[in-house]
Amino acid sequence: LLEVPGVGDGVAGRRSRSRTVRGRVTGARRPAGRVRDPHVVATLLAAAPRQRARGRSGPGLVLRTDDLREAVREGREGNLVLFVVDASGSMAARRRMTTVKTAVLSLLLDAYQRRDKVGLITFRGRTADLVLPPTSSVEAGAARLRALPTGGRTPLAAGLVRAAEVLRNERLRDPARRPLLVVVTDGRATAGGDVDRAAGLLAGTAGIVVDCEDGPVRLGLAGRLAARLGARLVPLRDLDGIVRAHRSQDHRKAA
């Protein structure tokens with residue numbers, strides 16, 4: 001849930017899988033240029049079936065340039081974690097924002113430990129604001145989150161459009177750093193904008209939707225948003241446990 005699927009080429013970090021020059025060997029490939037990290041076993045296996053054709057008559061193998069294989073290594077990369085937080089009146093009701101801030105602070109700490117960049121967009125009233133442009137300063141993100149004002153209508157579409165704009169700009173600045181979108185909302189959209197169209201702008205972006213809906217009557221709107229985005233749905237009450245499990249998994253791998 002808390003990593004980007006697939007294998008990237010981003011800067012070293014601790015979140016998602018990445019091709020690296022250091023790390024565990026996961027395979028071998030033909031080199032595109034100079035071989036910097038030869039895979040000896042794969043090279044010998046490539047040469048072995050050709051020995052009779054090459055006229056081998058003594059010990060050892062006859063090697064050719066096209067036998068050479070280099071190691072494919074895999075490590076971990078840091079990502080851009082972009083938070084899109086609903087700060088509308090429906091979220092402020094029943095003190096939900098206190099729980100939301102605690103949960104997002106936990107994710108910010110997780111991002112710091114994994115060497116991610118973070119950004120923070122909030123939406124309320126009629127607009128969505130980039131209150132924290134993507135940065136490596138998690139402390140700045142925590143400070144902006146604590147001072148977050150709440151209230152007003154819910155311009156959900158505006159929040160998603162703003163997220164698409166930020167990610168587009170970041171791809172130009174740092175194309176190797178893959179994004180992880182974290183939308184924190186109850187899914188209600190009470191201000192203008194086409195949510196389906198806005199969600200389409202984020203197609204293909206890895207993400208999760210943190211469902212903040214509570215109370216005895218559930219509308220399931222956050223779940224519908226997650227389906228539109230192709231994202232995973234996480235109930236707010238489960239988020240802290242998921243973060244702890246993610247860290248525990250890392251400790252087991254390190255051990």
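The values are calculated or read from the model by the stated rules, or taken from the named source; none is laboratory data. Since this is a predicted model, take the numbers as computed values, not measurements. For neighbour counting, all protein chains shown are included, and Cβ atoms are generated from backbone atoms with ideal geometry for every residue, glycine included. The protein model used for the area step is the full one, side chains on, heavy atoms only, and it has no ligands, DNA or RNA in it. Shrake-Rupley method; radii C 1.70, N 1.55, O 1.52, S 1.80 Å.
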key: Hey, VAL40 farther than 30 Å from GLY187 by Cα and touching a residue at least 60 places away in the same chain (Cβ under 8 Å) or not   = no
Tally of residues being of a type outside the set (D, E, K, R), assigned to a helix (DSSP H, G or I) and open to solvent by less than 10 Å² (accessible area, probe 1.4 Å) across region 67-106 = 3
key: Single condition ASP196 does not satisfy, out of (1) modelled with pLDDT of 90 or more; (2) within 20 Å of the chain's Cα centre (by Cα); (3) open to solvent by 50 Å² or more (accessible area, probe 1.4 Å); (4) farther than 18 Å from ARG96 by Cβ   = (2)
task = Within region 20-47, track down each residue that is more than 34 Å from the chain's Cα centre (by Cα) and open to solvent by less than 50 Å² (accessible area, probe 1.4 Å).
result = THR43, ALA46, ALA47
query = Counting only residues that are of a type outside the set (A, V, I, L, M, F, W, C) and touching a Lys or Arg at 6+ places or on another chain (Cβ under 8 Å), which one in region 187-199 is nearest to GLY223 (Cα to Cα)?
reply = GLY187
message = Looking at the structure I just gave you, is ALA226 part of a helix (DSSP H, G or I) and surrounded by 21 or more Cβ atoms within 10 Å (Cβ to Cβ)?
response = yes
remark   = Restricted to region 177-193 and to residues being under 16 Å from ALA164 (Cα atoms) and touching a residue at least 60 places away in the same chain (Cβ under 8 Å), the residue farthest from the chain's Cα centre (by Cα) is VAL184
